[in-house]
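This report concerns only the one structure given below.
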């Protein structure tokens, strides 16, 4: 599957409708909506405008507690299992739980793992954690297995927005072999070739954001690589 990650704060508001129409044409599977720094008003506008143009599911990829929004279809309930920040592991989840229960959003418990990417990304700074080293496949494998054993329903390997190195094919392949839940991979995937390599290595869902914000024409090219038989 192929998901477009939209950070509403980074994208010009006039682009929401355009990207929705292009995603429809390219048969994109999902939209992930969110960012590390994002106001509620911009999130509302983004969800509303995309919904007006598309029936593709809208999933919140929350950068903070303030990004819970009932206009979406679901939310990734992210536990940052690669780090040791208690707020990102469980603290924020305790605060969010009653609001999510009332929201009627589909809750998707997700083990979120930050992977070294060659650059200090926003999410590293905001989370106050260290990423798993790029070539330490065994750490990623054991962390993913632990997340699955804790009951998380997806594992997300993320190099982060603006990454210069995507998650390696070796790490994707070894983590995929070790778990039974879906594997999501994102960060640093800025060409159709990199998307194809992630898919070939075993990613079930490939997430692309930054590259598409810069060039909407990549939507069709990457979607074709991800979906080709």
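Any read-out appearing in this document is the output of simple, stated calculations on the displayed coordinates, not a laboratory observation. Small disclaimer: the values here were computed from a predicted structure and weren't measured. Note that each Cβ is placed from the backbone with ideal geometry, even for glycine, and that neighbours are counted across all protein chains shown.
Report note on the peptides 62-75, 179-192, 85-98: ranked by the mean count of other C-beta atoms within 10 Å, highest first, their order is 179-192, 62-75, 85-98. The mean sequence distance of close C-alpha pairs (under 8 Å, at least 6 residues apart), as a share of the length of the chain, puts its relative contact order at 19 percent. Mean separation of Cα pairs under 8 Å and 6 or more residues apart, divided by the residue count, gives the stretch 19-133 a relative contact order of 23 percent. What value, in deg cm²/dmol to 500, does the helix sum -39500 (n - 2.57) over DSSP H runs of n ≥ 4 give at 222 nm once divided by the residues of the chain? Calculated at 222 nm, the ellipticity per residue is -12000 deg cm²/dmol.
Note on the stretch 1-103: Cα-Cα pairs beyond 22 Å make up 30% of the total pair count.
Taken along its three principal axes, the alpha carbon spread of the stretch 112-229 comes to 39, 35, 23 Å, from the longest extent down to the shortest. For the stretch 151-204, the ratio of Cα radius of gyration to the globular rule of thumb 2.2 N^0.38 Å stands at 1.06. Which percent of Cα pairs goes in each bin when the distances of the chain are cut into 5 angstrom slices starting at zero? Answer for the chain: a P(r) of 1, 7, 15, 20, 21, 18, 11, 5, 0 percent.
Taken over the C-alpha atoms, the stretch 1-50 has Rg and Dmax values of 10.5, 30 angstrom.
Put a dot 7 Å past the Cα of residue 66, heading toward its Cβ, do the same for residue 217, and the two dots end up 3.7 nm apart.
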